[in-house]
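**Q** Sharing a structure below in structure tokens format, with a few things to ask.
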Amino acid sequence: MAKPKTIYICSQCGYETTKWNGRCPDCGEWNTLEEGVPAVSSSSARSTSSAAVRDISENIFEINDIDVTQREIRWTTGMSELDRVLGGGLVKGSLVLLGGEPGIGKSTLLLQICQTLGEDHTILYVSGEESIRQIKLRAKRLGVDSGNLYLVSETDCEAVCSAIAKEKPEIAIIDSIQTMNISSLTSASGSVTQVRECSNLLMKTAKSLEIPMLIVGHVNKDGAIAGPKVMEHIVDCVLYFEGQKNLPYRILRGIKNRFGSTNEIGVFEMCGEGLQQVANPSEMLLSGRPSDASGCCVACIIEGSRPILAEVQALVTKSAFNVPRRTATGFDYNRMSILIAVLEKRLGFFFGGLDVYMNVVGGLDINEPAADLPVALALYSSLTDKVVSPDIITFGEIGLAGELRSVQRTAQRISEAQRLGFTKCILPVSSLKGIDSSKYSIQIVGVKTIREAFSAALG
Ligand code: TYD
Ligand code: MG
């Protein structure tokens, strides 16, 4: 028998090579090549059995002949925030990957949804991390006592798949893919080879039995799901659970979804009794806002289908260093640098020799062009020490010439601002097309340039 070939696989991008390198030739990351075995290729099988090629011409259909009257079956998870990110519930037969840092609440979320899902469906919860006693204790604390929930503590992926095939649960939960292993592979659990092969095996089981499967995946230090490329191709839906450890808020984000939009977010709060849904994230993000501090401004951004209001804070101070420090949390650093350049060139405000710190309150990431104007306004407010009234809300994209450009979904943003009691909304005038300002009680101010926006906000 031929000796199995050793190859090296990049844990970041999945690149395969026969020679070890300190740096991955494909993605350029250092120290990511791990020893592994090649994916089972069909070429050897092909050469021996060329006579047995299947004829698939029967399976080829014209697009109009395909019957889609039967929509995909969706099950509600009992958490509307999760349902929305999934595109309206858990799709029967789909494979969902839930990623996130350790301790963020992935196991908690999955155990909690078992209560509602367990009312009508049998669930097999496979944990490779905790004993069934530990899970039971947690379930007790979370008030999960569905009689349809079955637990097993196991790490052998083949055994898990055969148990699923035998017991035929209606939903399977795998916590986590990094602890699963196939014993015939020499590499350690959590390595790219193991993750890839286990995912493939689980996918085949899930698809052949039409069982929806929720798989937990831990993220590595750079925030990507370990063995990212290899898994993301395989699953139907990639959800990412994020949040700051010291804040109770958690945001569930759709990264890939074959059954819905990927821009949706779900907001949760980690409490003593597990995760609670936050139906009104704007109220939560704006609570405790200072009313008379400079450098603060409220932005209205769209996350998926929902408008969300978030507070942007900037602090511009004299630098103690030769090269000033600049940081941006929750906003793109490069975008902030561009906005500073626009303020310098077009308005003549100079940030040279000044430190600039920017933060979006609540751990939210606002990388939407509409956040440009509030960010620029917060920077200007801090630089000049003028306070933006807490009743003002803004949004709009800023061009390099200092002009304001229109953004989408203006009506939705204005309605949300009005609902939360803001009295003045400053926005690009070009966004006002088709908007009847008399319908709103909030004062709507359309502006053409940043200069106009600043004078509208600060007088
Ligand atoms: P967990 O779901 O175990 O995280 P993961 O599976 O993503 O690694 O969450 C563990 C954290 O959540 C832990 O730090 C404690 C906290 N927690 C609560 O605050 N309240 C609760 O009711 C539960 C179950 C956990
Ligand atoms: Mg866990």
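The values are calculated or read from the model by the stated rules, or taken from the named source; none is laboratory data. Since this is a predicted model, take the numbers as computed values, not measurements. Cβ: placed from backbone, ideal geometry, glycine included. Neighbour counts: every protein chain shown.
**Q** Of the numbered conditions (1) at pLDDT 95 or above; (2) at positive phi, GLY421 fails exactly one; give the number of that condition.
**A** In the conditions (1) at pLDDT 95 or above; (2) at positive phi, GLY421 misses (1) alone.
**Q** THR69 - would you say it is away from ligand 2 (no atom under 16 Å from the Cβ), within 30 Å of GLN244 (Cβ to Cβ) and among the polar types (S, T, N, Q)?
**A** Working: away from ligand 2 (no atom under 16 Å from the Cβ): yes; within 30 Å of GLN244 (Cβ to Cβ): no; among the polar types (S, T, N, Q): yes.
So THR69 fails the test.
**Q** Also: Does GLU158 count as over 20 Å from ARG74 (Cα atoms), of a type in the set (D, E, K, R) and within 13 Å of ligand 2 (Cβ to nearest atom)?
**A** no
**Q** Looking at the range 362-374 only, could you name the residues that are closer than 23 Å to ASN280 by Cα and in a helix (DSSP H, G or I)?
**A** PRO369, ALA370, ALA371, PRO374
**Q** Residues that are surrounded by fewer than 10 Cβ atoms within 10 Å (Cβ to Cβ), modelled with pLDDT under 85 and either in a loop (DSSP other than H, G, I, E, B) or among the acidic types (Asp, Glu) (or both): does the range 23-32 have at least one?
**A** no
**Q** Let me ask something additional. Given the condition outside any strand (DSSP E or B), modelled with pLDDT of 95 or more, of a type outside the set (Phe, Trp, Tyr) and buried (at least 20 other Cβ atoms within 10 Å of the Cβ), answer yes or no: does some residue in the range 326-336 qualify?
**A** Yes, the range 326-336 contains at least one residue that is outside any strand (DSSP E or B), modelled with pLDDT of 95 or more, of a type outside the set (Phe, Trp, Tyr) and buried (at least 20 other Cβ atoms within 10 Å of the Cβ).
**Q** Being assigned by TED's automatic domain parsing to the domain that holds ILE171, part of a strand (DSSP E or B) and within 16 Å of ligand 1 (Cβ to nearest atom) is true for just one of LEU82, LEU98. Which residue is that?
**A** Details: LEU82 fails: part of a strand (DSSP E or B).
LEU98 is the lone residue from the list that is assigned by TED's automatic domain parsing to the domain that holds ILE171, part of a strand (DSSP E or B) and within 16 Å of ligand 1 (Cβ to nearest atom).
**Q** Further, regarding this structure: Looking at the range 91-110, which of the residues that are touching a Lys or Arg at 6+ places or on another chain (Cβ under 9 Å), more than 21 Å from ALA139 (Cα to Cα) and aliphatic (A, V, I, L, M) is farthest from ligand 2 (Cβ to nearest atom)?
**A** Among those residues, the one meeting the criterion is VAL91.
**Q** Still on this structure, please answer the following. Grab the strands (runs of 3 or more DSSP E) fully contained in the range 151-253, keeping just those with 2 or more residues being over 15 Å from the mean Cα position of the chain (by Cα) and touching a residue at least 60 places away in the same chain (Cβ under 8 Å). Lay out the reasoning, then the answer.
**A** Values: elements: 171-175, 213-218, 237-242.
Qualifying strands (runs of 3 or more DSSP E): 171-175, 213-218.
**Q** Let me ask another. State whether one or more residues within the range 102-125 are outside any loop (DSSP other than H, G, I, E, B), under 14 Å from LEU82 (Cβ atoms) and among the basic types (Lys, Arg).
**A** Within the range 102-125, one or more residues are outside any loop (DSSP other than H, G, I, E, B), under 14 Å from LEU82 (Cβ atoms) and among the basic types (Lys, Arg).
**Q** What is the number of the single condition among (1) in contact with a Cys (Cβ under 9 Å, 6 or more places away or on another chain); (2) at pLDDT below 90 that ARG196 does not meet?
**A** If we test ARG196 against (1) in contact with a Cys (Cβ under 9 Å, 6 or more places away or on another chain); (2) at pLDDT below 90, just (1) comes out false.
**Q** Filter the range 131-150 down to the residues that are without any contact (Cβ under 8 Å) to a residue 24 or more places away in the chain and within 16 Å of ligand 2 (Cβ to nearest atom), then identify the one that is farthest from the chain's Cα centre (by Cα).
**A** For the range 131-150, the residue satisfying everything is ARG133.
**Q** I'm told LYS106 meets every condition in (1) at positive phi; (2) modelled with pLDDT of 90 or more except one. Can you identify the failing condition by its number?
**A** Result: LYS106 passes all but (1).
**Q** Please indicate, with yes or no, whether at least one residue in the range 192-206 is within 23 Å of TYR15 (Cα to Cα), within 16 Å of ligand 2 (Cβ to nearest atom) and surrounded by fewer than 24 Cβ atoms within 10 Å (Cβ to Cβ).
**A** no
**Q** While we're here: Would you check if ILE113 is within 16 Å of ligand 2 (Cβ to nearest atom), more than 29 Å from LEU33 (Cα to Cα) and outside the structural domain of THR32 (by TED's automatic domain parsing)?
**A** Yes: the conditions hold for ILE113.
**Q** Let me ask something else about it. Inside the range 155-188, can you point out the residues that are within 16 Å of ligand 1 (Cβ to nearest atom) and either in contact with a His (Cβ under 6 Å, 6 or more places away or on another chain) or closer than 24 Å to CYS13 by Cβ (or both)?
**A** ILE174, SER176, ILE177, GLN178, THR179, MET180
**Q** Hey, another quick one. Could you check the range 234-264 and list, in sequence order, the residues that are surrounded by 21 or more Cβ atoms within 10 Å (Cβ to Cβ), of a type in the set (Val, Ile, Thr) and touching a helix residue (DSSP H, G or I) at 6+ places or on another chain (Cβ under 7 Å)?
**A** Hit for the range 234-264 is VAL238, nothing else.
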